[in-house]
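Chemist: Please read through the structure below; I'll follow up with questions.
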Amino acid sequence: RQFMPSVSLVRTPNAIGSGFFIERGIFVTNYHVIAGASGGFIQVKVGAAQQTVNLRIARIISFYVNKTDADLAILSVPAAKQYTIPSIPLAPLHRGIEIGEAVFSLGNPTGLVGTISQGLVSAAPRYPGTKVESVQFSAAISAGSSGGPVLNSAGEVIGVNVLTRLGEVIDKG
């Protein structure tokens, strides 16, 4: 639960999803959440009182989408620099994912019910774009979690949730 304030709500005219800061002003989500939107904002909780603020998305720094299931966008959110917003660290490249390792999916930051799903790595990780279920979660991933982080037991980002329009998880790597 210590990571929940770091998971933010992303709202555009076309979609709603989740995302997270990997450093000050740099935000990660799914491309389908922001695709085609002429505007949008990130809703994040700041400070000890967990006050909700809306931060405008300035621009897309980079994105990756393919025809199967890879769906990632990195955004510039310069207004975030005026707040102390915890970032979630990326797992070092040398740290692999082992079969049987516990992982956690975070998302849907509008409430605490159904926002954390614990899972186990059930297959060797694949390269981006393969439709292989490499994580088996003990609870369904809730709607609005698309773009939320998948963390290892050290609290480091090892993947991003990608959900279909019906809310079915199709990839987490």
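The values are calculated or read from the model by the stated rules, or taken from the named source; none is laboratory data. These numbers were taken from a predicted model, which means no experiment stands behind them. Positions of Cβ are backbone-derived with ideal geometry, glycine not excepted, and every protein chain shown enters the neighbour counts. SASA here: full protein model, heavy atoms, side chains in, ligands and nucleic acids out. Shrake-Rupley method; radii C 1.70, N 1.55, O 1.52, S 1.80 Å.
Here is a yes/no grid of residues against (1) modelled with pLDDT of 70 or more; (2) touching a Phe, Trp or Tyr at 6+ places or on another chain (Cβ under 8 Å); (3) at positive phi; (4) open to solvent by 40 Å² or more (accessible area, probe 1.4 Å):
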| position | (1), (2), (3), (4) |
| --- | --- |
| 95 | yes, no, no, yes |
| 111 | no, no, no, no |
| 119 | yes, yes, no, no |
| 149 | yes, yes, no, no |
| 155 | yes, yes, yes, no |
| 171 | no, no, no, no |
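Chemist: Another question, then. Which ones in the range 26-53 are touching a Phe, Trp or Tyr at 6+ places or on another chain (Cβ under 9 Å) and loosely packed, with under 12 Cβ neighbours inside 10 Å?
Modeler: Scanning the range 26-53 gives a single hit, 47.
Chemist: Just the residues that are within 8 Å of the chain's Cα centre (by Cα) and either outside any loop (DSSP other than H, G, I, E, B) or at pLDDT below 50 (or both), please, taken from the range 160-169.
Modeler: 160
Chemist: Moving on to the next point. May I ask you to say which residue of 80, 102, 70 is within 17 Å of residue 19 (Cβ to Cβ) and at pLDDT 85 or above?
Modeler: 80
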